[in-house]
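**Student:** Here it is, the structure in full.
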Amino acid sequence: MTGVIQRFDALILGGGAAGLMCAIEAGKRGRRVAVLEHADRLGKKILISGGGRCNFTNIHCRPEDFLSKNPHFPKSALARYTPTDFIALVEKHRIAYHEKTLGQLFCDGSAREIVHMLEEECESANVRIVLNASPREVIRADEFVVRTASAQFRAPVLVVATGGLSIPKIGATSFGYDLARQYGLKIREPRPGLVPLILNQRDRASYCDLTGVSAEVVTSYDGHQFHEKMLITHRGLSGPAVLQISSYWHNPGTISIDLAPERETTAMFRDPKVPRNLSSLKSELRKILPARFADRWLELHAPTSWTNAALDDFERQLHAWAVHPAGTEGFEKAEVTVGGVDTDELSAKTMESRKVAGLYFIGEAVDVTGHLGGFNFQWAWASGAVAGRAL
Ligand SMILES: Cc1cc2nc3c(=O)[nH]c(=O)nc-3n(C[C@H](O)[C@H](O)[C@H](O)COP(=O)(O)OP(=O)(O)OC[C@H]3O[C@@H](n4cnc5c(N)ncnc54)[C@H](O)[C@@H]3O)c2cc1C
C-alpha cells in the first residue's frame, strides 16, 4: 500500500445525512473522525430532497413508518434520537421551517441550509472532511485501512454510510453492500422504493394520455394502505399514494386502488326519482374524480345494465381498481432503496456488526426504509447519531 498515512479514531465512508450526523456525534465526544466522500461536495441528496426544501423529519415518526425484515430493529435508534432532537439542532442554527402536511417539516428557504448546518457542526466538532476520496480498497489488519488514489487512512473503527442505489447519477454506488459482502454480512436484495410504477401495456394505452391528472385515492397492497394523492404519468402512476405502496410492491403483485374513498357514487340511484342513465352517473363521478379521468373510467367500465346488481358491480370496481404494474421506474427515479444490510447482522443499539468488531453500517445502506414524508432522513439522523455516540 502506498500514499501518505493518516490516522484517526474512526473513518466514515460517505458524507451524506447519516455519515455527517455520525461524524458530528463522535467528534463532539472528542473522537478524531474523518469523513471520506467520493463526490466533490457533501450531502448532494440532501440538496435535491423535498423539491429543494428538504423534508428533514416528521413529527409523527413511529416505528410503523419503516419497512424492515425485522420491524423492531429501528425502534431503539429512533427512540434515542428523535425528531425533537433534530428540530433542536435546526432551531439552534435559526433555520426557518414549516409543517407542510401530515407532520412533514420542510425548510422555508432551501435544503442548502441543512447542509450548511451539518458542515458547521462538523467544523466545530473538528471533523476532518475529505472530498473526492474514492476508496479503492478496504482491508482490516490490526485496524481498518482505506486506500484512496493519494492516501491511506487508518482507524480502529470504520462506519459505512454510503447510502443505497437510488439516483446513480448523483453518486449512489453499491459500495456499502459490496463491503458488507466482503466481510460475510448478509444483504437483503436491494430494490427501488418510493418509485413511480409503470402500467402494463393495456392500462398504459387506456390511461396514460391523461398525464398530469391527479386524484385522491387509497392504494392497498399486502395489508398496507395509503390514503393520499395519485398522479397519472406518461408511463404509469405516481404521486404519494403510489410511491408509498411501491415500497411494498413485488412484481407481479396486484395493487388495489380505491378511486372514490369513503364515497358512494351510485347512492343517488336509490332515489326512484333520479333517472338511471350514463349522464347522471357521469355528473356524480365528476364530483369525485377529475372530469377527464371520470369520463375515461366510464368509457371503460360503464355499468353493463342499470339493475341494482350492475350498479353494485360498478361501485365495487371503482373502489378496487386492480392494477398490475409492469414494473417500476427503477433506481434512476427511486427516492430510496428498500433492503440492504440485513439487520440480523447489526446491533440495534449501536449499528455495529455482530461479526466484525469496529465495523458499523448506518442510514440507507441498512435494511430499514422509511415511508415518504421525512422518515428516511429521520432514520439517517437516528442511526448516524447512535453509532456516533458508540464510537
Ligand atoms: C430525489 C430525492 C428526494 C428525497 N427527499 C427526501 C425528503 O424530502 N425527506 C426524506 O426523509 N428523505 C428524502 N429522500 C431520501 C433521503 O435522501 C435518503 O434516505 C438519505 O439521504 C439517506 O441518507 P444516507 O446518509 O444513508 O445516504 P446518502 O444521503 O445517499 O449519502 C451517501 C453518501 O455516500 C457517498 N458515497 C456513495 N458511495 C461512495 C463511495 N464508494 N465512497 C465514498 N462515498 C460514497 C455519496 O456520494 C453520498 O454523499 C430523498 C431521496 C431522493 C433521491
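**Student:** Name the single residue, out of those in segment 253-280 being acidic (Asp, Glu) and without any contact (Cβ under 8 Å) to a residue 60 or more places away in the chain, that is most open to solvent (accessible area, probe 1.4 Å). Give the derivation first.
**Tutor:** Residues of segment 253-280 acidic (Asp, Glu): 258, 262, 264, 271.
Remaining after also requiring without any contact (Cβ under 8 Å) to a residue 60 or more places away in the chain: 262, 264, 271.
Details: GLU262: 162, GLU264: 90, ASP271: 61 Å².
Restricting to residues being acidic (Asp, Glu) and without any contact (Cβ under 8 Å) to a residue 60 or more places away in the chain, the top hit is GLU262.
**Student:** Restricting to segment 3-29, what's the tally of residues that are farther than 25 Å from GLU91 by Cβ and either away from the ligand (no atom under 14 Å from the Cβ) or of a type in the set (S, T, N, Q) (or both)? Outline the logic, then answer.
**Tutor:** Keep residues of segment 3-29 that are farther than 25 Å from GLU91 by Cβ, which gives 3-14.
When the remaining residues are screened for being either away from the ligand (no atom under 14 Å from the Cβ) or of a type in the set (S, T, N, Q) (or both), the result is 3-10.
Adding up the residues that qualify gives 8.
**Student:** State whether one or more residues within segment 329-345 are aromatic (Phe, Trp, Tyr) and within 16 Å of the ligand (Cβ to nearest atom). Reasoning before the result, please.
**Tutor:** Step one: list which residues in segment 329-345 are aromatic (Phe, Trp, Tyr), which gives 331.
Pick out the ones that are also within 16 Å of the ligand (Cβ to nearest atom) and you get 331.
The answer is yes; a qualifying residue exists.
**Student:** Would you point out the residue of segment 150-171, among those that are under 18 Å from the mean Cα position of the chain (by Cα) and surrounded by 21 or more Cβ atoms within 10 Å (Cβ to Cβ), that is farthest from the ligand (Cβ to nearest atom)?
**Tutor:** Step one: of segment 150-171, the residues under 18 Å from the mean Cα position of the chain (by Cα) are 161-171.
Applying the additional criterion that residues be surrounded by 21 or more Cβ atoms within 10 Å (Cβ to Cβ) yields 161-166.
Numbers: ALA161: 5, THR162: 4, GLY163: 3, GLY164: 7, LEU165: 10, SER166: 5 Å.
Within segment 150-171, the match that is farthest from the ligand (Cβ to nearest atom) is LEU165.
**Student:** Another question, if that's okay. How many residues are hydroxyl-bearing (Ser, Thr, Tyr), open to solvent by less than 20 Å² (accessible area, probe 1.4 Å) and over 17 Å from GLN244 (Cβ atoms) if we restrict to segment 180-229?
**Tutor:** Of segment 180-229, the ones hydroxyl-bearing (Ser, Thr, Tyr) are 183, 206-207, 211, 214, 219-221.
Remaining after also requiring open to solvent by less than 20 Å² (accessible area, probe 1.4 Å): 207, 219.
Okay, now just the ones that are also over 17 Å from GLN244 (Cβ atoms), so 207.
Number of matching residues: 1.
Per-residue answers, yes or no, for (1) modelled with pLDDT of 95 or more; (2) over 17 Å from THR328 (Cα atoms); (3) in contact with a helix residue (DSSP H, G or I) (Cβ under 6 Å, 6 or more places away or on another chain):
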{"position": "ILE167", "(1), (2), (3)": "no, no, no"}
{"position": "THR173", "(1), (2), (3)": "no, yes, no"}
{"position": "VAL195", "(1), (2), (3)": "yes, no, yes"}
{"position": "LEU199", "(1), (2), (3)": "yes, no, no"}
{"position": "ASP203", "(1), (2), (3)": "yes, no, no"}
{"position": "ASP209", "(1), (2), (3)": "yes, yes, no"}
{"position": "SER214", "(1), (2), (3)": "yes, yes, no"}
{"position": "GLN225", "(1), (2), (3)": "yes, yes, no"}
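**Student:** Are there strands (runs of 3 or more DSSP E) fully within segment 1-105 with at least 3 residues that are buried (at least 21 other Cβ atoms within 10 Å of the Cβ)? List them.
**Tutor:** On the way: elements: 4-7, 10-13, 33-36, 55-58, 97-99.
The strands (runs of 3 or more DSSP E) meeting that bar are 10-13, 33-36, 55-58.
**Student:** Could you say which residue among VAL356, VAL368 is out of contact with any Lys or Arg (no Cβ under 8 Å at 6 or more places or on another chain) and either at positive phi or of a type outside the set (Phe, Trp, Tyr) (or both)?
**Tutor:** On the way: VAL356 fails: out of contact with any Lys or Arg (no Cβ under 8 Å at 6 or more places or on another chain).
After applying the criteria, what remains is VAL368.
**Student:** Would segment 232-248 turn up any residue that is at positive phi, open to solvent by 30 Å² or more (accessible area, probe 1.4 Å) and free of Cβ contacts under 8 Å to residues at least 60 places away in the same chain?
**Tutor:** Within segment 232-248, not a single residue is at positive phi, open to solvent by 30 Å² or more (accessible area, probe 1.4 Å) and free of Cβ contacts under 8 Å to residues at least 60 places away in the same chain.
**Student:** So, one more: Test ASN126 against the stated conditions and say whether it is more than 13 Å from the ligand (Cβ to nearest atom) and open to solvent by 60 Å² or more (accessible area, probe 1.4 Å). Spell out the reasoning first.
**Tutor:** Details: more than 13 Å from the ligand (Cβ to nearest atom): yes; open to solvent by 60 Å² or more (accessible area, probe 1.4 Å): yes.
Answer is yes for this residue.
**Student:** Evaluate the following for ASP108: is it modelled with pLDDT of 95 or more, under 19 Å from GLY43 (Cα atoms) and away from the ligand (no atom under 14 Å from the Cβ)? Full working, then the answer.
**Tutor:** Values: modelled with pLDDT of 95 or more: yes; under 19 Å from GLY43 (Cα atoms): yes; away from the ligand (no atom under 14 Å from the Cβ): yes.
Criteria met by ASP108.
**Student:** Which members of segment 352-389 meet the condition of being within 11 Å of the ligand (Cβ to nearest atom), farther than 16 Å from CYS22 by Cα and of a type outside the set (Gly, Ala, Ser)?
**Tutor:** If the condition is that a residue be within 11 Å of the ligand (Cβ to nearest atom), farther than 16 Å from CYS22 by Cα and of a type outside the set (Gly, Ala, Ser), then VAL368, THR369, HIS371, LEU372, PHE375 are the ones that fit.
**Student:** Right, PHE314: of a type in the set (Phe, Trp, Tyr) and more than 10 Å from the ligand (Cβ to nearest atom) or not? Explain how you work it out, then say what you get.
**Tutor:** Working: of a type in the set (Phe, Trp, Tyr): yes; more than 10 Å from the ligand (Cβ to nearest atom): yes.
Taking the combined requirement at face value, the residue satisfies it.
**Student:** What about ILE59, is it over 21 Å from SER150 (Cβ atoms) and near the ligand (Cβ under 9 Å from one of its atoms)?
**Tutor:** Numbers: over 21 Å from SER150 (Cβ atoms): yes; near the ligand (Cβ under 9 Å from one of its atoms): no.
No: the conditions fail for ILE59.
The values are calculated or read from the model by the stated rules, or taken from the named source; none is laboratory data. It should be emphasised that the depicted structure is a prediction, and the values quoted were computed from it without experimental measurement. Reconstructed Cβ throughout: ideal geometry from the backbone, glycine too, with neighbour counts over all protein chains shown. The accessibility values were calculated without ligands, DNA or RNA, using every heavy atom of the protein model including side chains. Shrake-Rupley method; radii C 1.70, N 1.55, O 1.52, S 1.80 Å.
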